[in-house]
1. Looking only at residues in the stretch A:43-95 that are surrounded by fewer than 21 Cβ atoms within 10 Å (Cβ to Cβ) and within 14 Å of chain B (Cβ to nearest Cβ), which one is nearest to A:Y112 (Cα to Cα)?
2. State all residues of the stretch A:21-42 that are at pLDDT below 95 and surrounded by 22 or more Cβ atoms within 10 Å (Cβ to Cβ); if no residue qualifies, say none.
3. Step by step: first the residues of the stretch A:493-506, then only those that are surrounded by fewer than 16 Cβ atoms within 10 Å (Cβ to Cβ) and under 32 Å from the mean Cα position of the chain (by Cα), then the one that is nearest to A:W416 (Cα to Cα). Which residue is that?
4. Checking the structure you have, find out if any residue of the stretch A:248-260 is β-branched (V, I, T), in contact (Cβ under 8 Å) with a residue 12 or more places away in the chain and within 14 Å of chain B (Cβ to nearest Cβ).
5. Confirm whether B:K262 is on the phi < 0 side of the Ramachandran plot, free of Cβ contacts under 8 Å to residues at least 12 places away in the same chain and more than 14 Å from chain A (Cβ to nearest Cβ).
6. Could you check how many residues of the stretch A:610-625 are without any contact (Cβ under 8 Å) to a residue 60 or more places away in the chain and buried (at least 17 other Cβ atoms within 10 Å of the Cβ)?
7. Being within 8 Å of another protein chain (Cβ to nearest Cβ) and not in a loop (DSSP other than H, G, I, E, B): is that true of B:L231 here?
8. Any idea which residue in the stretch A:308-323 is nearest to the other protein chains (Cβ to nearest Cβ), counting only those that are of a type outside the set (A, V, I, L, M) and crowded, with 21+ Cβ neighbours inside 10 Å?
Amino acid sequence: NLNVPKARNRKIQMGEFKVHRIRFFDYMPSAIRAMAFSTRTERLALARADGALEIFNFSDNYFQEKVLPGHDGRAVEALCWVGPRLFSAGLNGEITEYDLENLRPRYTVDAYGGPIWTIGVNSQGTLLAVGCEDGTVKMFEVLKERIQFQRNLDRQRGRIISLSWHPSGTLIAAGMMDMIRIFDAETGRATHRLVVDRGAGASKSKEVVVWSIAFLSDYTIISSDSAGKVQIWDGLNGTLIRTHLITKWDVLALSVSQDESSLVAGTSEGTVVQFQFLSSTVDRLDKDWVRTRTFKNHSHDVRALAHTETAVVSGGMDTQLVVRPLLDKVEKNTRESAIRKVSFPHRSLVCCAKKAGVLLFQFPDHLELWRLGESDGYGKPGGSLPVKRGPEKLIQLKRKGEDHICCSALSPCGGWLAYSTVTSFRLYRLLNGSISICKVSKLPKDLRPAHQLCFSTDSSKLFASSSNSSVVVVALNEPECKYLGTLKAKYGCRQPVHLLSASENGKWLATANTDCEVHVYNLDKLKLHCTVPVYGSCPTAMAIHPTTSNLVVVHADQQIFEYSLVKKEYTEWSRRLQKQGLHSLWLERDTPITHVTFNPKNPAHIIVQDLFMFCIIDKSLPLPEAKNVLYNQMTLRSLPEPDRVLHSHGFKICKDFQHLLCVSLLEDHSLVVVERPLLDIVSQLPAPVRQKKFAT
Amino acid sequence: MNTNNSRCIAAVVKARSLREHRPANGSAGMQGGGRVRSRSLSVTMRRSAMTLQNNMAKNQRGEAAPSSRMTGRERQMGGFSLLLESSDDEGPEEVTFEDSKADARRSMKRALDTARREKELLKEKRRKRQELFQEQKKRKLLSAEVLEEIDSTKQEQSHVKAAEEEAEPEEVEGRKRNWKQNAARNLKGNYTVTTVKQSTLASSQLKAAEDFLHSRMYGPGSRRTTSNEMLSLENKMGKNKSAAVQFVKKNWACQKKAKAEKLKKTWIHMQQIPSS
């Protein structure tokens, strides 16, 4: 746990920065448990082991649009899209439908079959089938506002681990222990029983679990089991066509492409094996499932797979989401063909109180408050300074109830702390230099659970985003907080607000929602001031400049816009940037900017940060052209002073700190850099399989 | 008839020479049980041959044939026996039927006895082993049992005491001491111990399902290693070879380090006091 202040000396209009390098944020992501891709909306829904759900927009640079916080005991095992609706089933025996506009579960239905292992919808979208621990496949009718239990299929002896509908909706194939059952969906009778071989050797005594199953339209059934086999069956006759042994461990997941020409299987080794329906000869008569590619993108078990039209999406116990484009569907060596790994959330989990020098870390089940360390003296650029007083953890606040923390915020003076779950909202007062904490009990009733929280710079107001993109404004007072008003967006905005930014002078508040709408409110009048023209990509970070009142918005496709709130138009610099275009290397970055801040000493500076770098954009310097080197800080340092001016451009990027979770500028002009090295996360993951390698 | 007879005799002699151990006791003519295929033999001769053969067979088997019967038959074919005995090279041993019978009986009894003894020995071994296992199991389960008992009712306090007394002396000394301490702390005053959140059927089923998943993926036979080892292997085999991850165990002797830190602080403080 280092807090080593370092001095950085950049002579070119950057000034000196003392850097607080923070590594004591023990952020630990949760394993990916299930996935479902909706081709219609191009959204991927992801369920994690702690019950959290994430929605990724695949058409917007794989941006993590929405995060629904988890719940103790939700234990999601399977996800299913029914049109635009999202359903999940879990080991708690419940089917949950989610409200994606309010980021919470809409309702839950108990299936009364014990833990539910799998869920599947028929191609017409009318019936939902769930496979339960007690051996029944239960059918639910999908109605407009709810689901309703219809009937049980024939009860089997043994749990139903996986199921798949035939595209016609007449048959269901269910994977159980040691066998596969084919059901007639109309009569409910089990028509065929396909016996799956157990493994050889020691595994012969253990039952083989059919982890995943797929029913194709030509009545072929593809199954994957714990003995490491992918088997191809004839679903009409109930016979085995082919067995492929792809691993010594379990094959945990299967996914078939929409056109049924390709399927992928995920194993416990972390490999994803692709099979394609190809013919060995030129004529297309004798097509067969042939093993083609093997991808090794994970170090731990792959538990969830999705096969989109152009890519294979995999996730598992190593908590990383990997999107691997298939090179026969995309153009080679382009941005689209690059592999994408999402290891960290696309939103900030760290809040920095600039005046107090206190950090707030958000975990799913608790909050931590830390005071930054201090150091005297100066040092060489790049050297470390002696620490006079180390960082100390002031408060650890555990959440109440079973819902996980959705959002949290710390006031800049360090005196107020607020957090919200899907069911409750809590506000705390911090005293004696943020050491003692007491809960504010009298809260206005309009202050409902929020998706995003923000304090005003003078710590007098709290902004909490609510339903329909509205924001509730509350005045912070000691015994009782007063409700000041609700800022309403124009009619028809339903998506949740995921970004909130208040200006330093207390006059403006900017909100952004997942529909890419950015609204700016006048806080003096508590009314909508203006709406920024909608840009096709979702905003990922934004901030209002303290002196010029320009709103800087960064989007998921890495575009940057600067909008003048006073003049209600884009600034001249922004127009110049759009005209010239951003550097190609900037646009090719695959992690979004999660934080925008400004430098009080230099009004021309904009500091932006993503996972691998932070950049100081100097508006007074020329913009980098396509032929310039973008990452030129190292080379500039080696040049003599007069030459530096010639070669420098406005994007000064620093890549010294990696896996950045937050970069912030304190009032005393020292930089706070919160890092979370990936190695620290990987070393705490559960056990991977033991691979025997030569010479080890 | 005569040629037949002579042929029979020749056959019998041949048969006799083939069977060395057959005591020549009885007529030569009508011997050779089964091998003699002569349809023209008179019934009486055949019968007598059969009886002779029977007697000889009985003798071989060591069965007791009443001597009176024997002698009677011998009288019948007295002439035959004389013929046989005279043409025999080696005389059989004089072993009476009772002796051989008794011998055979003894050997069989001995064999049966040893078999029985072995079986009993094995049984005894198995039983002892089973007892040992059950004892070990009881020892293991004992603490959990005791926990449950404390959990349910107040009366169980006495059971705890009894269980502790019953506990084997080989039980882990620390555990026992802890238990004694805990028991001593908890047994004062009137109170009940219950869980804060009642565990429902759903939560127990959820736990069972999670246990099933965990045992399939990480249970015995899953052939797993640790993340640390995996990363260390990568370091070893990678392009830039480096040391194992967590080569130096940084979290060793935490308490000692904390103690040393405290000592250092107090020492510095002490140094500052005389100077001020």
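The values are calculated or read from the model by the stated rules, or taken from the named source; none is laboratory data. Since the model is a prediction, treat every value here as computed from it, not as a measurement. Counting neighbours? That spans all protein chains shown, and the Cβs are built from the backbone with ideal geometry, glycine included.
1. Looking at residues that are surrounded by fewer than 21 Cβ atoms within 10 Å (Cβ to Cβ) and within 14 Å of chain B (Cβ to nearest Cβ), I get A:G73.
2. The answer is A:I22, and nothing else.
3. A:G506
4. Taking the stretch A:248-260 and keeping what is β-branched (V, I, T), we get A:251, A:256.
If we keep only those that are in contact (Cβ under 8 Å) with a residue 12 or more places away in the chain as well, we get A:251, A:256.
Then drop every residue that is not within 14 Å of chain B (Cβ to nearest Cβ), which leaves A:251.
Looking for residues that are β-branched (V, I, T), in contact (Cβ under 8 Å) with a residue 12 or more places away in the chain and within 14 Å of chain B (Cβ to nearest Cβ), one finds at least one in the stretch A:248-260, hence yes.
5. On the way: on the phi < 0 side of the Ramachandran plot: yes; free of Cβ contacts under 8 Å to residues at least 12 places away in the same chain: yes; more than 14 Å from chain A (Cβ to nearest Cβ): yes.
Criteria met by B:K262.
6. To start, the set of residues in the stretch A:610-625 that are without any contact (Cβ under 8 Å) to a residue 60 or more places away in the chain comprises A:610, A:612-615, A:617, A:619, A:622-625.
Add one more test, that the residue is buried (at least 17 other Cβ atoms within 10 Å of the Cβ), and what stays is A:610, A:613-615, A:617, A:619, A:623-624.
Qualifying residue count for the region: 8.
7. Numbers: within 8 Å of another protein chain (Cβ to nearest Cβ): yes; not in a loop (DSSP other than H, G, I, E, B): yes.
Yes: the conditions hold for B:L231.
8. Here is the first cut: in the stretch A:308-323, the residues of a type outside the set (A, V, I, L, M) are A:308-310, A:314-316, A:318-320.
Narrowing further to those that are crowded, with 21+ Cβ neighbours inside 10 Å: A:314-316, A:318-320.
Values: A:S314: 17, A:G315: 16, A:G316: 11, A:D318: 9, A:T319: 12, A:Q320: 14 Å.
Taking the candidates together, the pick is A:D318.
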